[in-house]
Amino acid sequence: MSKHNRLTFFIFIALILGVGLGYYLNVSSFSAYNETIIRSEDQTKTIDLKLLSIKDTTTSDYKDLNKQKAEVTKVRQDTEKSREKDLEPLTLLSDIFLRLIKMIVAPLVFTTLVVGVAKVGDIKAVGRIGGKTMLWFLSASLLSLLLGMILVNLFKPGEAMHLSLPPSNIDTGVHAVALSVKDFISHIVPRSFAESMATNEILQIVVFSLFFGVATAAIGEKGHVVIAFFDSVAHVILKITGYVMNFAPFAVFGAMAAIVAKQGLSVLSTYALFVGEFYASMLLLWFIMIMIGYSILKGRVFNLMNRMKEPTLLAFSTASSEAAYPKTLLQLERFGCKDKIVSFVLPLGYSFNLDGSMLYMTFASLFIAQSYGIHLSFQQQITMLLILMLTSKGIAGVPRASLVVIAGTIATFNIPEAGIALLIGIDPLLDMGRSATNVIGNSLATAVVSKWEGELSESED
């Protein structure tokens, strides 16, 4: 069993053990807490109905009802605090993991994006090839993000979770992020790069990284040293990411045990629904991309998909699109794409064209918001889509890197970062589909650009 497969295996074991412990705690220790909370909520609803029926707010009955409501609310809050205190040993595991994830967000985005943009700087040398490549990448990214946003609003998988906001988020409503265009633009421009790194302001880091990467490419020979340095730093950060992910099974165990202890086993049906709806969305994305490919490549698109079976299965089974890179490159050249096109488009695709990952980012981010009962307006969702459009470009196609992007994005909208714990346990299942979709998207991009350039020859047998 490979190292990656071992991690996936341990995550699933932790998931099962967490569910088992959570169910035991739910039945044996937390049933009294949960019954008190449910009873308090029912009493609050009854009192609210009585209050609505009283027209004169100066009567003693109205004041008595308000006093009763305050007492019931205090009982519920005290019970919730006691329940959370008893769950602290479990939630601490996921809290540590969240802190480790946040620790690597800023340096990971900065280093990978600088290297990626510096490589895109070669567009000036290859001219129209680079322009056509970026046109496809941006269009495919927008399609994936938009499809994820539409379908998660259609399916609404998070609404069945009914999670209460963590205490730190109770007083900070979503209305606080209803930014005007001026506010949004001024927010994304950093006053200080050091301040942006210290506060994990992802958008501001992206803006600085774009300037830095373009400038690095523009200085020519001298910039090669900088690119090599940041490429090495990026690999170091990705290695740290690997170390952090080794803690994932403990976080999964703690997160699942805490969720099931509070919610009961009924919460698992929502996860099954989420996974099923996500894969349905992924298959729809495949169909749309292949049909777009058909409009350009005609019948040859089906030959391409046939050749991509092995790389796609490899990416699916390892949950890493990078693992399929050598096979993808070989099959594209056999399909008839010129090596100069493949060597340019495919590497860029692994940083700039992660279609499966981007569909997941909008789907998962809005799922977390729905789980906490947070309503995001259409304008806010479009803003989130544009933010993800930028931040996703700084992440390489490594296993579970999408969690890093989501963690950095949802905080901008006052969505509890603790919601990431909802995804950790099922992320390996979702990562397999994302990785396979990334391979499909990048192979189509390479073939289409080859066709546009008139560099697509007959397939090899």
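Just so you know, all these numbers are worked out from the coordinates, no wet-lab data involved. It should be emphasised that the depicted structure is a prediction, and the values quoted were computed from it without experimental measurement. Ideal geometry is used to build each Cβ from the backbone, glycine not excepted, and the neighbour counts take in all protein chains shown.
Values as computed for the structure displayed
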| read-out | value |
| --- | --- |
| The chain: angle of helix 248-263 to the longest principal axis, Cα-based, in degrees nearest 10 | 30 degrees |
| Volume of the Cα convex hull of region 49-113, divided per residue and given in Å³ | 159 Å³ |
| Degrees between helix 31-53 axis and first principal axis of the chain (Cα, 0 to 90, nearest 10) | 70 degrees |
| Degrees between helix 3-28 axis and first principal axis of the chain (Cα, 0 to 90, nearest 10) | 10 degrees |
| Which of 386, 422, 214, positive extreme of dipole for region 3-452 (C-beta unit charges) | 214 |
| Euclidean distance between Cα centres, region 401-461 to region 76-112, Å | 25 Å |
| Sequence-separation-based contact order of the chain, relative, with Cα cut under 8 Å and 6+ spacing, percent | 29 percent |
| Mean Cβ count within 10 Å, highest first, over the residues of peptides 371-378, 220-227, 55-62 | 371-378, 220-227, 55-62 |
| Set of aspartates and glutamates near residue 102 by C-alpha distance (under 13 Å), chain-local residues within fewer than 8 positions excluded | 201, 417 |
